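I have placed the structure first, in the form of structure tokens, so that the comments after it can refer back to it.
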Amino acid sequence: MAPHRTTSPPSLPALPTPTPPSLPAVDGFVDVSVRLTGFDSFDLHATGMAALYLETALDQVGPEAFERFLGELDAAGGDPDRLEGETSRDIARAIAHLWYLGVWPQLARSVHSALGREKANAPFTASPEAYTEGLVWRTFHGHPAGAKAPGFGTWSEPPPGAPPVPRAAAPERPVEKPETKREGELEEEREGNTA
Amino acid sequence: MNAYPRPGGQPAGGHRAAPPHHTRRFDVIVVGAGLSGTLVAKRLGDQGWRVLVLEAGTGTLDTWPGHLDAMNTYYAAAAKVPNSPYRPNAAAPSPDVLDLAGLPEGGFRAHGYFVQNGALPYGSDYLRANGGTVMHWLGLTPRMHPEDFAVRRKFGYGRDWPLGYADLEGHYRAAERELGVAGDAQEQSEAIGLPFPEGYVYPMHRIPRSYLDDVVAAKLDGVPVRESADSPGTTLRVVTTPHARNSVPDARYDGGRGYRPAGAAGLPNYGERCVGNASCVPICPVQAKYNPLKTQATWDSRVTLVTRAVVSRVLADGTGRAMGVEYQAYDDPAAPVHTTHTAEADIVVLAAHAIENAKLLLVSRLAEHSGQVGRNLMDHPVLLTWGLMKHPVGPFRGPASTSGVESFRTGPARRRRAPFRIEIANWGWSWPAASPGSDVARLLGIPGDSGQPRGRGVFGKELRRRLGDGIGRQFSLQFELEQEAEGRNRVTVDPRHRDRLGNPRPVITYDLSDRLKRGMAAAKAVSDRVFGLLEAEDRTVYGPGPFSPGHFRFEGQDFTFNGAGHGAGTHIMGDSRDTSVVDHWQRCWDHPNLYAVGCGSMPSVGTSNPSLTMAALALRSSEQIHRDLTELHRPVTVRTGGGGGTDAASGHVPGPAPSPHSRPHQEVRP
């Protein structure tokens, strides 16, 4: 394992890109993301988040480190499991985390230093929609908490892959005449407290 | 009179927006626009009284754009804790569950609004904003059990109420109407032994049980378990929980008149049914869950709401009568500028939350006779247990809990250990382990501390598969234990600790008693047996650490508890002015026209989520406040040396204030 070393001082941060990433760049990012997430490109595009996530990743690690990450992934045959450089591996973790939760995570402290980042190493949600488009909910046939509500009573049904279970019938009767004992208790309560 | 500008959209109610601040007289001042304050204002406004409601927080939530802003804040929040949708407010700060951190070797550190100096942390928050903490409540509305009102008399611990279940039963029904409760009264009666009037049904049919409830019920119903080797068996039964959440209206309600669900505040014809957003805490996107803004939308025009008005002091005259309040108005929650005003009224009602009520009484040096103000602070300490079922159970669907096991709430075991209610949690490990975020991070090899070495991580289809399999089988149980009134658990104020407006921050001293810890040990033993019956893989772990501020050891065992957000008991009611702060009307013994309403009045909290009981008490107090006001406004014919007579028909000119000696505090029980 040969971690990437910067022999020269970190270059000045690139100026913010004035335009959003180009369509081919987004397509390439989605191809990489398919390998990171296990979701196909249709699903990833359909979140509407791909361009924002590419921008976020570029902004967080810088174009150079991002290009190195792409290059190393390519050299590993596109298999993120074979990424050996710790910086690239941590970028892979972060991008997968972003897709699954909509949250850019903290990088490893060592990677944060190695990249010479001039921003706080703090997690943040890329946008409110990024949370609701998180992939994690789909892994178990769920929906994001607080959005995409499935409808009244849907929580009663078995989720995919679950066996049906006997359901206790809802009696839903009006309250019957209380038992004598209960009536007596009520009386005792009343007397005990008015004495 | 200029309408007070409200950001975005229209005011929800028929009530008046705040006028410019100048001293005016009202019949009643209500401090706090949360659940209790909103209900008191509703009742008194409907009866023709002029009510001024002063809310310390902002009113941004009572418009639909404000609600949507809260939704986005919630979506973007890093930690989806109860206060996460609601904007921080430096002028009226709120405590937050993120203010606590555990230490590596045990113990905790607190920062934020509360100053904490107790052996254990008080782990509950509240919200200072229009609508109050009920904006982020879960919405469960079980009644207290009759025996919960007399724990001293029946079981030898804590404090007794000066009221019983029978005194409150009608008000429970009134609260169930006001909040819009969905439930199965017959099931509550049979399974828990709650007395209801014959033929009673809740306004709406019960919220459907979750699939998880059915899975658990299939294994547990009718099975006896022992909490220790020498204890008798307790029969388990899964019981549907009543909710203040819109369900299918019951046509039989109210003698066949039925019930119309109350929808969202600020958006007509919306939110009249729960649609399963699964985010009741911290915010219901469609407002199918009750919140006080719905009641405020029906306030009479005689009710005036002033938000961004922090009451700093209750003003009283030399005879002990409350004259009004002093409050601080601010425009921008982020700017440290305020102006001070006073408002006067015949009756002042503190409804600002148990801890804020106590703070105000302490700062004002009122209700001091018993020495109990601030004492007997209670919560429902929560023990969480969690594990994996053998097959998917559909976590993160529906309301956070739709059923529970109620078998350990009552009975003679209360003599030695705290009773508890078991909530079956529908949202996986979200509370105990911050799932599903933590599951993603763990599988990717990302530890909580960025300085720790990282795992290699799993990617691609394997990541997707393992997440789906693991999260899909998550479930947890929440054991809510009764905490008894103890004088040592208390809120005080200390002039050295102030917020930005110069108001004292609450100083909290908190601990759990041994009987409570024995309750936790029993709860854990029950959990172990339940997990066995469910053939579930138990993943419960308790130990010190940053996310376990509530860690402690008891009899050789580790535990971690959490707060339930059920702060209570800081101005408890009783039947003697020597030992309690308020009487059974929630009226201060020392001040005949000063009420302190809310969970702070409760001498015991049982194991029921307390909001319904709090609402019932507020409605009951409203009746007495109305009688007090009627009495004060009665035409005075002859009064030697007194003020001039006033004409009740002309309405709202206050009569001369009677001295407390001329009208002794008569107790008339219903």
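The values are calculated or read from the model by the stated rules, or taken from the named source; none is laboratory data. Quick caveat, the model's predicted, so the values are computed rather than measured. In this analysis, Cβ positions are derived from the backbone assuming ideal geometry, glycine residues included, and neighbour counts consider all displayed protein chains.
Report whether or not residue A:78 is under 16 Å from residue B:460 (Cβ atoms) and more than 9 Å from chain B (Cβ to nearest Cβ).
Numbers: under 16 Å from residue B:460 (Cβ atoms): yes; more than 9 Å from chain B (Cβ to nearest Cβ): yes.
Taking the combined requirement at face value, the residue satisfies it.
Six or more apart or on different chains, Cβ atoms under 6 Å: show the pairs whose first residue is in region A:140-151 and modelled with pLDDT of 95 or more and whose second is not in a loop (DSSP other than H, G, I, E, B).
Final answer for the pair search is A:140/B:468; A:140/B:471; A:140/B:472; A:143/A:137; A:144/A:132; A:144/A:137; A:147/A:132.
What about residue B:359, is it among the basic types (Lys, Arg) and assigned to a helix (DSSP H, G or I)?
Numbers: among the basic types (Lys, Arg): yes; assigned to a helix (DSSP H, G or I): yes.
In short, yes.
Of B:113, B:122, which residue is under 25 Å from residue B:497 (Cα atoms), in contact with a strand residue (DSSP E or B) (Cβ under 6 Å, 6 or more places away or on another chain) and hydroxyl-bearing (Ser, Thr, Tyr)?
Just a single option satisfies the conditions, and that option is B:122.
So which of B:216, B:201, B:151, B:239 is assigned to a loop (DSSP other than H, G, I, E, B) and in contact (Cβ under 8 Å) with a residue 12 or more places away in the chain?
B:201
Could you check region B:324-372 and list, in sequence order, the residues that are out of contact with any Phe, Trp or Tyr (no Cβ under 9 Å at 6 or more places or on another chain), among the acidic types (Asp, Glu) and in contact (Cβ under 8 Å) with a residue 60 or more places away in the chain? Give the steps one after another, and end with the answer.
Residues of region B:324-372 that are out of contact with any Phe, Trp or Tyr (no Cβ under 9 Å at 6 or more places or on another chain), as a first pass: B:325-335, B:352, B:357-366, B:368, B:371-372.
Checking the rest, the ones that are also among the acidic types (Asp, Glu) come to B:326, B:331-332, B:368.
The answer is B:368, and nothing else.
Sort through B:583, B:578 and tell me the only one that's buried (at least 16 other Cβ atoms within 10 Å of the Cβ), more than 19 Å from residue B:510 (Cβ to Cβ) and either under 20 Å from the mean Cα position of the chain (by Cα) or of a type in the set (Asp, Glu) (or both). Don't jump to the end; show me each part of the working.
Values: B:578 fails: buried (at least 16 other Cβ atoms within 10 Å of the Cβ).
Just a single option satisfies the conditions, and that option is B:583.
Identify the single condition in (1) closer than 24 Å to residue B:572 by Cα; (2) buried (at least 24 other Cβ atoms within 10 Å of the Cβ) that residue B:399 does not satisfy, given that it satisfies every other one.
The one condition residue B:399 does not meet is (1).
Scan region A:129-159 for residues that are touching a Phe, Trp or Tyr at 6+ places or on another chain (Cβ under 9 Å), facing chain B (nearest Cβ under 7 Å) and surrounded by fewer than 18 Cβ atoms within 10 Å (Cβ to Cβ) and jot them down.
If the condition is that a residue be touching a Phe, Trp or Tyr at 6+ places or on another chain (Cβ under 9 Å), facing chain B (nearest Cβ under 7 Å) and surrounded by fewer than 18 Cβ atoms within 10 Å (Cβ to Cβ), then A:157, A:158 are the ones that fit.
Taking the stated definitions as given, is residue B:113 surrounded by fewer than 24 Cβ atoms within 10 Å (Cβ to Cβ) and more than 14 Å from chain A (Cβ to nearest Cβ)?
yes
Got at least one residue in region A:28-37 being at pLDDT below 95 and surrounded by 13 or more Cβ atoms within 10 Å (Cβ to Cβ)? Show your work before the answer.
Within region A:28-37, the subset at pLDDT below 95 is none.
No, the conditions are met nowhere in region A:28-37.
Can you tell me which residues in region A:29-66 are of a type in the set (S, T, N, Q) and not in a helix (DSSP H, G or I)?
Initial filter on region A:29-66 (of a type in the set (S, T, N, Q)): A:33, A:37, A:41, A:47, A:56, A:60.
Correct list: A:47 only.
Exactly one of these conditions fails for residue A:92: (1) out of contact with any Pro (no Cβ under 6 Å at 6 or more places or on another chain); (2) surrounded by 19 or more Cβ atoms within 10 Å (Cβ to Cβ); (3) farther than 29 Å from residue B:68 by Cβ. Give me its number.
(1)
Which count do you get for residues in region A:56-68 that are under 15 Å from residue A:21 (Cβ atoms) and either hydroxyl-bearing (Ser, Thr, Tyr) or crowded, with 20+ Cβ neighbours inside 10 Å (or both)?
Restricting attention to region A:56-68, the residues satisfying the condition of being under 15 Å from residue A:21 (Cβ atoms) are A:56-63, A:66-67.
Then keep just the ones that are either hydroxyl-bearing (Ser, Thr, Tyr) or crowded, with 20+ Cβ neighbours inside 10 Å (or both); that gives A:56-57, A:60-61.
Count: 4.
Which is in a loop (DSSP other than H, G, I, E, B) and within 30 Å of residue B:567 (Cα to Cα), of B:421, B:417, B:456? First the steps, then the outcome.
On the way: B:421 fails: in a loop (DSSP other than H, G, I, E, B); B:456 fails: within 30 Å of residue B:567 (Cα to Cα).
Sole residue among the options that is in a loop (DSSP other than H, G, I, E, B) and within 30 Å of residue B:567 (Cα to Cα): B:417.
Filtering region B:170-210 down to residues that are among the acidic types (Asp, Glu) and surrounded by fewer than 21 Cβ atoms within 10 Å (Cβ to Cβ), which residue is farthest from the chain's Cα centre (by Cα)? Before the answer, list the steps.
Restricting attention to region B:170-210, the residues satisfying the condition of being among the acidic types (Asp, Glu) are B:176, B:178, B:184, B:187, B:190, B:198.
If we keep only those that are surrounded by fewer than 21 Cβ atoms within 10 Å (Cβ to Cβ) as well, we get B:190, B:198.
Working: B:190: 27, B:198: 29 Å.
Only one residue fits best here, namely B:198.
Okay, residues lined up against (1) outside any loop (DSSP other than H, G, I, E, B); (2) within 14 Å of another protein chain (Cβ to nearest Cβ):
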position	(1), (2)
B:254	yes, yes
B:267	no, no
B:272	no, yes
B:294	yes, no
B:298	no, no
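In the list B:315, B:305, B:267, B:293, which residue meets the criterion of being surrounded by fewer than 20 Cβ atoms within 10 Å (Cβ to Cβ) and under 30 Å from residue B:75 (Cβ atoms)?
Numbers: B:315 fails: under 30 Å from residue B:75 (Cβ atoms); B:305 fails: surrounded by fewer than 20 Cβ atoms within 10 Å (Cβ to Cβ); B:293 fails: surrounded by fewer than 20 Cβ atoms within 10 Å (Cβ to Cβ).
One residue alone meets the criteria, B:267.
Evaluate region B:412-424: report whether one residue or more is more than 14 Å from chain A (Cβ to nearest Cβ), on the phi > 0 side of the Ramachandran plot and at pLDDT 95 or above.
Initial filter on region B:412-424 (more than 14 Å from chain A (Cβ to nearest Cβ)): B:412-423.
With the extra rule that they be on the phi > 0 side of the Ramachandran plot, the set shrinks to none.
Within region B:412-424, none of the residues are more than 14 Å from chain A (Cβ to nearest Cβ), on the phi > 0 side of the Ramachandran plot and at pLDDT 95 or above.
Within region A:94-119, which residues are farther than 17 Å from residue A:59 by Cβ and touching a helix residue (DSSP H, G or I) at 6+ places or on another chain (Cβ under 8 Å)?
A:96, A:100, A:101, A:108, A:110, A:114
Go through region B:183-198 and give me each residue that's within 7 Å of another protein chain (Cβ to nearest Cβ) and in a helix (DSSP H, G or I).
The answer is B:185, B:186, B:187, B:189.
Only residues that are in contact with a helix residue (DSSP H, G or I) (Cβ under 7 Å, 6 or more places away or on another chain) and part of a strand (DSSP E or B): list them for region B:459-477, please. Give the steps one after another, and end with the answer.
First pass over region B:459-477, keeping only residues in contact with a helix residue (DSSP H, G or I) (Cβ under 7 Å, 6 or more places away or on another chain): B:459-460, B:463-464, B:466-468, B:470-471, B:475-477.
Once the filter is applied, which keeps residues that are in contact with a helix residue (DSSP H, G or I) (Cβ under 7 Å, 6 or more places away or on another chain) and part of a strand (DSSP E or B), region B:459-477 yields B:475, B:476, B:477.
Please verify whether residue B:237 is within 14 Å of another protein chain (Cβ to nearest Cβ), touching a helix residue (DSSP H, G or I) at 6+ places or on another chain (Cβ under 8 Å), modelled with pLDDT of 95 or more and surrounded by fewer than 23 Cβ atoms within 10 Å (Cβ to Cβ), treating the condition exactly as stated. Before the answer, list the steps.
Numbers: within 14 Å of another protein chain (Cβ to nearest Cβ): yes; touching a helix residue (DSSP H, G or I) at 6+ places or on another chain (Cβ under 8 Å): yes; modelled with pLDDT of 95 or more: yes; surrounded by fewer than 23 Cβ atoms within 10 Å (Cβ to Cβ): yes.
Yes; evaluated as a whole, the condition is true for this residue.
Those residues that are small (Gly, Ala, Ser) and at the interface with chain A (Cβ under 8 Å from one of its Cβ atoms), I need them from region B:436-478; list them, please. Full working, then the answer.
In the first step, residues of region B:436-478 are kept if they are small (Gly, Ala, Ser); the result is B:437-438, B:441, B:445, B:448, B:450-451, B:455, B:457, B:460, B:468, B:470, B:472, B:476.
B:437, B:441, B:445, B:450, B:451, B:457, B:460, B:468, B:472, listed by residue number.
For residues that are at pLDDT 95 or above and either more than 26 Å from the chain's Cα centre (by Cα) or part of a loop (DSSP other than H, G, I, E, B) (or both), tally how many sit in region B:1-58.
Kept after step one, since they are at pLDDT 95 or above, are these residues of region B:1-58: B:26-58.
Going one step further and asking which of them are either more than 26 Å from the chain's Cα centre (by Cα) or part of a loop (DSSP other than H, G, I, E, B) (or both), we end up with B:26-27, B:32-34, B:47-50, B:55-58.
Residues meeting the conditions: 13.
Output yes when any residue across region A:107-117 is facing chain B (nearest Cβ under 7 Å), touching a residue at least 24 places away in the same chain (Cβ under 8 Å) and of a type in the set (Val, Ile, Thr), and no when none is.
The answer is no; no qualifying residue exists.
Consider residue B:165 carefully, then state whether it is without any contact (Cβ under 8 Å) to a residue 60 or more places away in the chain, more than 22 Å from residue B:134 (Cβ to Cβ), under 21 Å from the mean Cα position of the chain (by Cα) and within 7 Å of another protein chain (Cβ to nearest Cβ).
Against the criterion (without any contact (Cβ under 8 Å) to a residue 60 or more places away in the chain, more than 22 Å from residue B:134 (Cβ to Cβ), under 21 Å from the mean Cα position of the chain (by Cα) and within 7 Å of another protein chain (Cβ to nearest Cβ)), residue B:165 qualifies.
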